[in-house]
1. Pick from segment 1-33 the residues that are more than 10 Å from the ligand (Cβ to nearest atom) and in a helix (DSSP H, G or I): which of them is nearest to residue 243 (Cα to Cα)?
2. For the subset of segment 221-239 comprising residues that are within 15 Å of the ligand (Cβ to nearest atom), free of Cβ contacts under 8 Å to residues at least 60 places away in the same chain and crowded, with 18+ Cβ neighbours inside 10 Å, which member is nearest to residue 274 (Cα to Cα)?
3. Name, by its number, the condition in (1) under 24 Å from residue 1 (Cα atoms); (2) more than 14 Å from the chain's Cα centre (by Cα); (3) of a type in the set (Gly, Ala, Ser) that does not hold for residue 106.
4. Could you list, in sequence order, all residues of segment 54-69 that are within 12 Å of the ligand (Cβ to nearest atom) and surrounded by fewer than 19 Cβ atoms within 10 Å (Cβ to Cβ)?
5. Output the number of residues of segment 193-220 satisfying the condition of being within 16 Å of the ligand (Cβ to nearest atom) and aliphatic (A, V, I, L, M).
6. Check every one of the helices (runs of 4 or more DSSP H) wholly within segment 77-159 and list those with 1 or more residues that are touching a helix residue (DSSP H, G or I) at 6+ places or on another chain (Cβ under 7 Å) and either of a type outside the set (Lys, Arg) or surrounded by 18 or more Cβ atoms within 10 Å (Cβ to Cβ) (or both).
Amino acid sequence: MTNIAFIGLGNMGGPMAINLVKAGHRVTVFDLVPEALSALEANGGIVADSAQAAVVGAEVVISMLPAGKHVAALYLHDEGLLQLLPKGTLVVDSSTIDVATAQAVGAKAAQAGIDFVDAPVSGGVSGAQAGTLSFIVGGTEGSFKSAKPVLEAMGKNIFHAGEAGAGQIAKMCNNMLLSILMAGTAEALQLGVDNGLDPKVLSDIMVKSSGRNWTLEIYNPVPGVMPNTPASNDYQGGFMVDLMNKDLGLALGAAHAGDSMVPMGEQSAALFAAHGEQGNGRLDFSSIYQHYQKN
Ligand code: NAD
């Protein structure tokens, strides 16, 4: 059993923290939203009234927050956790954030003798619930080895991408590709529908053909085609358009800074930005399908 503090109990962090409890760890939790705390308490978590209180006695601190500014505020700012934690604590930030913030937290942690890994995840809310997430880890070999057993309670594939920040680089590449696949899949399915095909039949064909991809296999964007997808639940839950737009901003920012060519990423970013601006920011990102229906 490890004493773990878990900060950020949203769509992803909530089920991840519950899986740590199920694995027998002592998990002390904090979130700004009272309902998120109650849900964890009902599942065996110990509720703290601040992040600072949650980390008292923790051997491992895990955060799952929306964006880089939240992570910077938690660890780096006045009363940031890196000033409080004893040497030898392991800090795991699983949020998807900009590389610069991940590297800044990593550098300050190293100065304080604290092990740090950035460990963004892939696999969505269903993967978080099932404990089958992929963790894409950046950090030293030693920090990676320390983090692996804890991450295995929440995920199935644990990758070591490189030094601190490398997990975020791999994650932003993956999510840029995911956005392109989702937009392309929605586009192809609506083209079929517009020409008289049943989207379920077309999906069954394409998933066994060369258009096969993750969105067709397990995250179909058309309502009713697959049970238990956000599309079949009014695009509720899942991975919000706002968060995808954040990730696309991270990818395009890195691409422009490094002079990488990302024309498909730029197209996809423009599509998801327009979709978000039309009031869909809190819907799951597969709701990009509605964009094709409306236009
Ligand atoms: P979410 O908005 O559902 O959850 C974030 C939680 O953080 C909220 O409960 C919020 O109250 C809490 N929070 C914010 N600031 C806080 C603070 N200062 N102290 C304590 N709690 C605070 O978001 P999510 O979907 O769980 O995503 C979390 C991260 O995981 C994001 O970086 C996202 O990009 C990434 N991610 C999400 C998915 C997905 O499918 N939802 C998949 C992979 C990665």
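1. Among those that are more than 10 Å from the ligand (Cβ to nearest atom) and in a helix (DSSP H, G or I), it is 17.
2. Step one: list which residues in segment 221-239 are within 15 Å of the ligand (Cβ to nearest atom), which gives 221, 228-231, 233, 235-239.
Subsequent filtering for residues that are free of Cβ contacts under 8 Å to residues at least 60 places away in the same chain retains 229-231, 233, 235-236.
So of that shortlist, the ones also crowded, with 18+ Cβ neighbours inside 10 Å come out as 229-231, 235.
Numbers: 229: 23, 230: 20, 231: 19, 235: 17 Å.
Per the stated criteria, the residue is 235.
3. Here residue 106 meets the rest and fails (1).
4. 66, 67, 69
5. The qualifying residues number 1.
6. It comes to 99-111, 124-130.
FYI, it's all coordinate maths here, none of it is from the lab. Since we're looking at a predicted model, the values are computed, not measured. Reconstructed Cβ throughout: ideal geometry from the backbone, glycine too, with neighbour counts over all protein chains shown.
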